[in-house]
Amino acid sequence: MKKTVFMIRPMQLSDIVHAIKLSNAEGWNQTEKDWKLLIQSPQNVCMLAECNKKIIGTTTAINYSNQIGWIGMVLVAKEYRGQGVSKSLLTNILEKLESVKSIKLDATPEGQRVYKKFDFKDEYLIARMVTTSMKNLSSDEDDILPEPIQLKHIEEIIALDEFVFGANRKRLIESLIKEYPHKAWLLQRNNSIAGFALGREGNKYHQVGPVFASNIDDVKILIKKALKELTNEPIVMDVLSEKEDLINWLISIGFTMQRHFVRMYKKENPFPGIINKQYVICGPEFG
């Protein structure tokens, strides 16, 4: 078979219309807004592979305050796989992340084998939970109700997210709250924010996450509020596999486990965050 000749170059906003065709072809959930958020920040590194002016592959990396480089959207068109495209994209993007203290990603089982060749190590498993049509849930027994996140809360939410996630994600959190205010909820206890839930619209599903709180009861309260707004809609949540109580509860209300991701890291892992407060992640492209 003739070897494909391709070039690697930075992604531009004008490339989104072609990049989204790759993610749609894989049945992924990203929208044009997601791609724009990834590409438009000058701190991020987003690269593509091009063959005869056709985009055949992508890889993105979010720079979270030079603490974590978050790799995502590793895509190669089916007819160009097995020809070194993803290897070239990853090699290129890893070189550009040399100054970042840690590099992380959420891998599919297929991707995990590739990333191990780049010296990534396993951290933990994440379960993708989905429902195609959410039924109505009652929250009558809850001792407290979530409140909409307002602009005055953003700085406190960013600080809590940094504490729990492990790195500052100011741009991401601000974007989610401002773009999807109807999906942004918080719980206050003792006059401080005890937990929050964010969300976004997707190509196939409404994505709920991140959801961070100190205990499973507060997480359920936040999720029930998020789900109440999405009755009869398809929903996806990516839940840490160790949160068995949450997974079992989601199954009891109609979710099924679709597949797993593996969180992985390269170099060291100095920013693991507070795992016992992490319940639902933002999604594999954002962490």
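Name the one entry in Lys96, Lys170, Lys178, Lys104 that is among the charged types (D, E, K, R) and more than 19 Å from the chain's Cα centre (by Cα). Even if it seems obvious, please write down each step before you answer.
Working: Lys170 fails: more than 19 Å from the chain's Cα centre (by Cα); Lys178 fails: more than 19 Å from the chain's Cα centre (by Cα); Lys104 fails: more than 19 Å from the chain's Cα centre (by Cα).
Only one candidate passes the filter, namely Lys96.
Would you pick out the residues in the range 52-76 that are under 30 Å from Lys101 (Cβ atoms) and part of a loop (DSSP other than H, G, I, E, B)? Walk me through how you get there before you give the answer.
Quick first cut of the range 52-76, residues under 30 Å from Lys101 (Cβ atoms) only: 57-76.
Passing the criteria: Ser65, Asn66, Gln67.
So, in the range 1-21, how many residues would count as being open to solvent by 20 Å² or more (accessible area, probe 1.4 Å) and not in a loop (DSSP other than H, G, I, E, B)?
10
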(message) Looking only at residues that are assigned to a loop (DSSP other than H, G, I, E, B) and farther than 22 Å from Ile93 by Cβ in the range 273-287, which one is least open to solvent (accessible area, probe 1.4 Å)?
(response) Gly273
(request) Being basic (Lys, Arg) and surrounded by 15 or more Cβ atoms within 10 Å (Cβ to Cβ) is the filter; apply it to the range 252-266 and report the residue that is farthest from the chain's Cα centre (by Cα). (result) Lys266
(message) Name the single residue that is least open to solvent (accessible area, probe 1.4 Å) among those in the range 177-187 being touching a residue at least 40 places away in the same chain (Cβ under 8 Å), in a helix (DSSP H, G or I) and within 15 Å of Leu227 (Cα to Cα).
(response) Lys183
(message) Need pairs with beta-carbon distance below 6 Å; first residue open to solvent by less than 10 Å² (accessible area, probe 1.4 Å) and within the range 51-62, second hydroxyl-bearing (Ser, Thr, Tyr) and not in a strand (DSSP E or B); sequence gap 6+ or separate chains.
(response) Ile56/Tyr80
(message) Checking Ala25 against (1) over 15 Å from Val85 (Cβ atoms); (2) surrounded by fewer than 13 Cβ atoms within 10 Å (Cβ to Cβ), only one condition comes out false. Which one?
(response) (1)
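The values are calculated or read from the model by the stated rules, or taken from the named source; none is laboratory data. As the structure is a computational prediction, the values presented were derived from the model and not from experiment. We place every Cβ from the backbone using ideal geometry, glycine too, and count neighbours over all the protein chains shown. Quick note on the areas: whole protein, heavy atoms, side chains included, nothing else; ligands and nucleic acids left out. Shrake-Rupley method; radii C 1.70, N 1.55, O 1.52, S 1.80 Å.
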